[in-house]
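One structure is given below, encoded as structure tokens.
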Amino acid sequence: MIISDLKHGLFKYEVKDYYAILGVPIDASAKDIRLRYLKIAYQLHPDTNRAQTQEEKQRASDILSKVVNAAYENLYKEKLRKECQLIMSEIGRRLATDAYKITIGSENAKKLLQEEKNTDKTYHEMIEKFATEQYQDLNKLHIKIGLMSELNMVYLMSQKGKEMSKIMGVSSQPKIVASEPIIIESTGNITTSGVNIDNPVENETSKKASVSRLDKLISSAKQHAEDENYEQGIMDLREAVKIDSNSSTVHGLLGSMYLKQNNLIYGRIHINKAMMLNGNDPIAKQAQQELKNIEKEKKAKSESASSVKSTTKENKTPKSSEKSKDKDGKGKKEAPKIFGIPLW
């Protein structure tokens, strides 16, 4: 199993839900993340796991190195964790805005969705419950991760929905559709949601329509960029990300437009994402160069301001010299004069 194999919960929207992989809540501290990682590593490491066959041991080792370690590296380091939190916050806001389009398919997620007063408590209890058995059966690992990621999705949408309600002055929760269960733990399989297996022609047509709309959104965003209408361009690209979140072109353009709005944090996130997806993408490379130029310019301005401040300080006339202007050559204070005649 690799991260790209995971298709449910936030993974369905091409978001790498590292929290679900480690089995920790979205608000977990660095300490909690490390403790959880050590427990998982102990279960999966070749020297300590309880697998009966060499094949099972190798599988556990692969999951540790390719999935668990990647999640830990992105959540334990403060800088990367903050970027993950920004992405989670943004996806939560987007999904809360389009909540009527979202479907959930696990009973626990439905229960969390219906919870109004004790959302936080219920969410943390559910995550903790799944975490205790998450890595016991590697054949069902993708199911457990999918279940927890769906809980994360509902929790994020619920939190962002409440924030939006306060801003808008209304009291309402995101209207999410509860579908038939698509994550079925008992069978050990996860069915495919949103795909008509009996009609491949329909699936192909739908796929082509999505690609066509993606191209239109990219083209529209480029035109808005030329017109310096960056706000509208960003809106188009946010829609494009929903269609294909693995497009280096989309992330490169989005990062560039955020830079034009002086939003370096979001700009850096999307540009780094674009370069990670395809470092040879000309749009991604151009956006990266724009970011480097801005950072270089900021550094130069900072150094220049520091240099001017230092020079100004050095060129200030000492107070002793200023006082000496009122004294004669012998150090005595000169007498005031009227019509050139000293008063004493």
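Round to a whole number: what % of the accessible area of the stretch 38-83 belongs to carbon and sulfur, probe 1.4 Å? Please report the intermediate quantities before stating the final value.
Numbers: 1430 of 3110 Å².
Result for the stretch 38-83: 46 percent of the exposed heavy-atom area is carbon or sulfur.
What list of ³J(HN,Hα) couplings, whole Hz, do you get for the stretch 267-277 from phi and the Karplus terms 6.51, -1.76, 1.60, once you set θ to phi - 60° and write x for glycine and proline?
x, 5, 4, 6, 5, 4, 5, 4, 5, 5, 6
Heavy atoms of the protein only, probe of 1.4 Å, neighbouring chains included. What is the accessible area of D17 in Å², nearest 10?
Using a 1.4 Å probe on the heavy atoms, I get roughly 0 Å².
Counting every Cα pair in the stretch 218-305, what percent are over 15 Å apart? Walk me through the intermediate numbers first.
Working: 2100 of 3828 pairs.
For the stretch 218-305, the fraction of Cα-Cα distances above 15 Å is 55 percent.
Tally up the carbon and sulfur contribution to the accessible surface of the stretch 244-304 as a whole percent, 1.4 Å probe, everything protein left in place. Please list the in-between numbers first.
Details: 1600 of 3300 Å².
Taking all protein chains in place, the stretch 244-304 shows 48 percent carbon and sulfur surface.
Greater than 29 Å separation of Cα atoms is the criterion. Which listed pairs, K12/K299; K160/K260; K82/K301, meet it? Mind dumping the intermediate values first?
Values: K12/K299 40 Å; K160/K260 26 Å; K82/K301 27 Å.
Checking Cα-Cα distances, K12/K299 exceed 29 Å.
Can you give the translational diffusion coefficient of the stretch 1-88 in µm²/s, computed by Stokes-Einstein from the Kirkwood radius over Cα pairs at 37 °C and 0.692 mPa s? Kindly include the intermediate steps, with their values, before the conclusion.
Working: Rh = 13.6 Å.
Estimated diffusion coefficient is 241 µm²/s.
The values are calculated or read from the model by the stated rules, or taken from the named source; none is laboratory data. The shown structure was predicted, so the numbers you read here are calculated from the model rather than taken from an experiment. For the accessible areas, the whole protein counts, side chains as well, though only heavy atoms, and no ligand, DNA or RNA atoms are used. Shrake-Rupley method; radii C 1.70, N 1.55, O 1.52, S 1.80 Å.
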